[in-house]
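Step one of this worksheet: look at the structure below.
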Amino acid sequence: MNNNNIILIGMPGSGKSTLGVLLAKYSGYSFVDLDLIITKKTGKKLQKILDQDGYDAFLKIENQVGKELDCEKTVVATGGSMVLSAEGMEHLKKIGTVVYINVPIDEIIRRVTNVATRGIAFKDGETLNDVFKERTPLYEKYADVTVDFENASNLEETVDKIMEKLNLHK
Ligand SMILES: Nc1ncnc2c1ncn2[C@@H]1O[C@H](COP(=O)(O)OP(=O)(O)OP(=O)(O)O)[C@@H](O)[C@H]1O
Ligand SMILES: O=C(O)C1=C[C@@H](O)[C@@H](O)[C@H](O)C1
Ligand SMILES: [Mg+2]
């Protein structure tokens with residue numbers, strides 16, 4: 001049932017939203033950011049959902065948004081915690097090619113300067129390092145394609161690398 005979608009997964013700060021919109025632009029695809037669907041659906045910022053309703057409630061909403069997504073020829077930027085929802089990921093894998101944007105944790109830490117307000121689904125006391133260790137096996141499990149990035153790089157060159165890997169240069 002692959003609807004010719006590109007599903008971007010990866011750590012917070014790996015570039016799913018930033019690269020995703022450029023990837024859509026250069027490949028003629030549409031673009032959707034699941035975080036924006038969550039905020040629209042709830043009327044709340046991501047961090048507010050986590051603060052007010054809690055971790056489990058956030059993941060439940062994210063799972064539902066992932067399960068309900070209906071699109072084609074679209075680049076989908078998921079939230080960093082999407083891989084924690086098996087049902088949502090099962091559906092996303094059915095409707096598209098899952099691309100893991102693999103960025104080293106030290107680069108993630110350098111980029112993510114708004115840890116407390118970004119809406120990262122931390123369990124009590126967790127750090128970005130803990131999240132990286134917990135999720136990396138899940139990113140690898142769900143990935144159809146993995147694109148490795150060593151550190152900060154030119155956005156266009158990064159998008160070009162993803163397009164090469166997905167054979168989108170036509
Ligand atoms: N290839 C790159 N090189 C350098 N900086 C980058 C690159 N990709 C993204 N960034 C920067 O990293 C930060 C996070 O990017 P972005 O918001 O796209 O991450 P994300 O994967 O969508 O995170 P989240 O899961 O939290 O939504 C932004 O400041 C962005 O400009
Ligand atoms: O990695 C995470 O747990 C998340 C990061 C946020 O930016 C959002 O993508 C979402 O709230 C979850
Ligand atoms: Mg994002």
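Tabulated results
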item	result
Given the chain, longest segment not containing exposed loop GluC sites (Glu not before Pro) (DSSP; at most 12 other Cβ within 10 Å)	73-149
Rel. contact order, % - alpha carbon contacts under 8 angstrom, at least six apart, segment 5-165	34
Summed residue charge, Cβ within 15 Å of residue 7's Cβ, Lys/Arg positive, Asp/Glu negative	-3
Helix-derived mean residue ellipticity, 222 nm - over the chain, DSSP H n ≥ 4, -39500 (n - 2.57), to 500	-15000 deg cm²/dmol
Other-chain or far-sequence residues with amide H under 5 Å of residue 74's (modelled H)	5, 6, 30
P(r) tail fraction, segment 5-165 - alpha-carbon pairs more than 24 Å apart, %	28
Restraint check, 93/165; 141/165; 44/161; 41/161, Cα-Cα greater than 29 Å	44/161; 41/161
Rounded to 5, percent antiparallel among DSSP beta bridges of the chain	0
Set of lysines with alpha-carbon distance to residue 45 below 20 Å, sequence-local pairs under 8 removed	16, 60, 123
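Only the coordinates and a few stated rules stand behind these numbers; no lab work does. Please read all numbers here as calculations on a predicted model, not as lab measurements. Every residue, glycine as well, gets a Cβ built from its backbone with ideal geometry; the counts of neighbours run over all protein chains shown.
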